[in-house]
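J.: Before I ask anything, here is the structure I am working with.
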Amino acid sequence: MAPRIVKIAAVGTCVPERIVTNDELSLALDTSDEWIRARSGIRERRIAAADQATSDLGAGAAVRALSAAGVVPSQLDIIIVASLSPDMIFPPTASFISGAIGADGAAAFDLSAACTGFVYALSAGSAYVASGQADRVLVVGADVVSKMLDWEDRSTAVLFGDGAGAVLLEHAVEDEEGIIGFDLGNDPGGADLLSLPAGGSRLPASSETIAGRRHFIQMNGREVYKFAARIIVSSARKVLADHGLGIEDVDLFVPHQANIRIIESAAKKLGIPPERVFTNLERYGNTSCASIPICLDEAASAGKLQHGDLVLMVGFGAGLSWGSCLVRW
Ligand code: UT7
């Protein structure tokens with residue numbers, strides 16, 4: 001059987017209500033609104049409530065995506081959740097989301113590829129639909145990074161925010177729409193540049209790991225910055241070239257929202273004009289696996305995504321990993 005064309009049938013998002021501004025962070029940390037805006041472009045972020053976990057936001061996004069598509073949860077075949085802040089190590093966060101939305105019976109699993117997770121999960125989900133193994137796959141990118149941060153470390157605490165986005169994948173009936181292709185990769189040499197070291201089998205929880213603050217995200221920001229600025233450009237060029245397309249064909253560039261300086265430098269090198277670059281990190285910070293689907297939802301609601309537009313998404317993150325995806329909207 002020839003592979004089926006796979007389309008993004010609907011998008012939904014969910015972010016916590018609480019907005020935390022740079023000024024509010026400056027009350028507890030040795031930082032300032034001026035530094036955070038100048039170095040990252042972030043003005044504020046959403047922070048989850050004490051009792052809100054990743055699956056709560058993920059379920060909210062899932063319900064919105066399904067209702068936008070007019071699909072009921074029992075019609076889902078598979079739920080894939082990309083996250084670096086799962087509710088628990090196991091069972092998978094996808095199982096909690098399945099329970100919350102009433103998708104009993106659908107296969108449910110998590111995919112761990114840090115901030116690149118959404119693009120990897122999109123690739124996995126689209127392969128299921130393309131092969132005919134599934135008709136409807138829900139891909140959720142959800143993170144409550146705030147609970148993984150060291151709130152005494154100003155170099156990471158100011159950069160992230162919480163949120164979730166979900167997309168429903170179905171096979172397309174028209175061939176002018178759908179997912180065109182991916183470029184995925186990983187450089188294991190950079191594994192120590194961005195990590196959450198303790199709590200797994202390498203460094204199980206102990207009084208030492210707690211005292212040493214090893215249960216929080218640790219990052220060499222400068223090195224991750226250099227990697228990101230380089231890999232966005234090379235991965236975007238590769239996925240376009242692989243499908244006989246050029247930068248001039250891209251209607252909307254949706255990069256992972258980590259730092260406005262990374263995005264502007266990559267867009268400039270690629271030759272994509274600012275009006276074709278979507279950003280919202282000034283309002284959300286880096287929401288990790290949720291950043292790209294939140295952008296897709298906001299771009300669609302703002303009328304910046306029309307049927308037939310070519311969308312280029314590029315994610316990157318710990319691993320160090322990267323993933324690009326081209327979609328005809
Ligand atoms: O999802 C992917 C994950 N992450 C990323 O993509 C992050 C990539 N990296 C970055 O976005 C940037 O490297 C940062 C925003 C993290 C930092 O910007 P930078 O221009 O690379 O700054 P820097 O790390 O070189 O730090 C400059 C100075 C340092 O002080 P000294 O050593 O020059 O005296 C830091 O201690 O800024 C200081 N600093 C801060 N000052 C005020 C670091 N964090 C803060 C802060 N407020 N929050």
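J.: Criterion first (of a type in the set (D, E, K, R), open to solvent by 60 Å² or more (accessible area, probe 1.4 Å) and on the phi < 0 side of the Ramachandran plot) does residue 213 satisfy it?
T.: Details: of a type in the set (D, E, K, R): yes; open to solvent by 60 Å² or more (accessible area, probe 1.4 Å): yes; on the phi < 0 side of the Ramachandran plot: no.
The answer is no for residue 213.
J.: Which condition number does residue 199 fail, the rest of (1) within 14 Å of the ligand (Cβ to nearest atom); (2) on the phi > 0 side of the Ramachandran plot; (3) not β-branched (Val, Ile, Thr) being met?
T.: All conditions are met except number (1).
J.: Within region 125-163, can you find the residues that are within 15 Å of the ligand (Cβ to nearest atom) and farther than 20 Å from residue 256 by Cα?
T.: 150, 151, 152, 153, 154
J.: For the condition open to solvent by 30 Å² or more (accessible area, probe 1.4 Å) and assigned to a strand (DSSP E or B), what is the one hit in 203, 184, 169? If you could, list the steps in order and put the result at the bottom.
T.: Details: 203 fails: assigned to a strand (DSSP E or B); 169 fails: open to solvent by 30 Å² or more (accessible area, probe 1.4 Å).
After ruling out the rest, the residue left standing is 184.
J.: In the set 67, 55, which member is open to solvent by 20 Å² or more (accessible area, probe 1.4 Å), assigned to a helix (DSSP H, G or I) and at pLDDT 95 or above? Before the answer, list the steps.
T.: Working: 55 fails: open to solvent by 20 Å² or more (accessible area, probe 1.4 Å).
Only one candidate passes the filter, namely 67.
J.: Same structure, new question: Name the residue, out of 221, 246, that is touching a residue at least 12 places away in the same chain (Cβ under 8 Å) and open to solvent by less than 40 Å² (accessible area, probe 1.4 Å). Give the derivation first.
T.: On the way: 246 fails: touching a residue at least 12 places away in the same chain (Cβ under 8 Å).
Going through 221, 246 in turn, the sole match is 221.
J.: Right, next: What number of residues in region 127-145 are open to solvent by 10 Å² or more (accessible area, probe 1.4 Å) and either within 11 Å of the chain's Cα centre (by Cα) or within 21 Å of residue 315 (Cβ to Cβ) (or both)?
T.: First pass over region 127-145, keeping only residues open to solvent by 10 Å² or more (accessible area, probe 1.4 Å): 127-128, 130-133, 135-136.
Now drop any that are not either within 11 Å of the chain's Cα centre (by Cα) or within 21 Å of residue 315 (Cβ to Cβ) (or both), which leaves 127-128, 130.
Going through region 127-145 one residue at a time, the tally reaches 3.
J.: Residues in region 231-263 that are over 15 Å from residue 313 (Cα atoms) and within 12 Å of the ligand (Cβ to nearest atom): how many?
T.: Number satisfying all stated conditions: 3.
J.: Now for a different question. Please work out if residue 97 is assigned to a helix (DSSP H, G or I), closer than 28 Å to residue 327 by Cβ, open to solvent by less than 40 Å² (accessible area, probe 1.4 Å) and touching a strand residue (DSSP E or B) at 6+ places or on another chain (Cβ under 8 Å). Explain how you work it out, then say what you get.
T.: Working: assigned to a helix (DSSP H, G or I): yes; closer than 28 Å to residue 327 by Cβ: yes; open to solvent by less than 40 Å² (accessible area, probe 1.4 Å): yes; touching a strand residue (DSSP E or B) at 6+ places or on another chain (Cβ under 8 Å): yes.
Yes: the conditions hold for residue 97.
J.: Moving on. Would you mind finding the one in 271, 285 that is at positive phi and open to solvent by 10 Å² or more (accessible area, probe 1.4 Å)?
T.: On the way: 285 fails: open to solvent by 10 Å² or more (accessible area, probe 1.4 Å).
Of 271, 285, the one residue that is at positive phi and open to solvent by 10 Å² or more (accessible area, probe 1.4 Å) is 271.
J.: Now a separate question. Please identify the pairs in which a residue from region 308-319 that is among the β-branched types (Val, Ile, Thr) has its Cβ atom under 6 Å from the Cβ atom of a residue that is more than 16 Å from the ligand (Cβ to nearest atom) and open to solvent by 10 Å² or more (accessible area, probe 1.4 Å), counting only partners at least 6 apart or on another chain.
T.: 311/329
J.: Quick one: would you say residue 301 is within 16 Å of the ligand (Cβ to nearest atom), in the same structural domain as residue 249 (by TED's automatic domain parsing) and more than 23 Å from residue 238 (Cβ to Cβ)? Don't jump to the end; show me each part of the working.
T.: Numbers: within 16 Å of the ligand (Cβ to nearest atom): no; in the same structural domain as residue 249 (by TED's automatic domain parsing): yes; more than 23 Å from residue 238 (Cβ to Cβ): yes.
When the stated conditions are applied, residue 301 does not pass them.
J.: Kindly provide the set of residues from region 1-45 that are in a loop (DSSP other than H, G, I, E, B), in contact (Cβ under 8 Å) with a residue 24 or more places away in the chain and of a type in the set (Ser, Thr, Tyr), ordered by number.
T.: 31
J.: Tell me whether region 191-198 contains one or more residues that are under 21 Å from residue 60 (Cα atoms) and either in the same structural domain as residue 21 (by TED's automatic domain parsing) or surrounded by fewer than 16 Cβ atoms within 10 Å (Cβ to Cβ) (or both). Can you show your working first?
T.: To start, the set of residues in region 191-198 that are under 21 Å from residue 60 (Cα atoms) comprises none.
Looking through region 191-198, none of the residues is under 21 Å from residue 60 (Cα atoms) and either in the same structural domain as residue 21 (by TED's automatic domain parsing) or surrounded by fewer than 16 Cβ atoms within 10 Å (Cβ to Cβ) (or both).
The values are calculated or read from the model by the stated rules, or taken from the named source; none is laboratory data. As the structure is a computational prediction, the values presented were derived from the model and not from experiment. As a convention, Cβ positions derive from the backbone with ideal geometry for all residues, glycine included, and neighbour counts pool all protein chains shown. These accessible areas exclude ligands, DNA and RNA; they are computed on the full protein's heavy atoms, side chains included. Shrake-Rupley method; radii C 1.70, N 1.55, O 1.52, S 1.80 Å.
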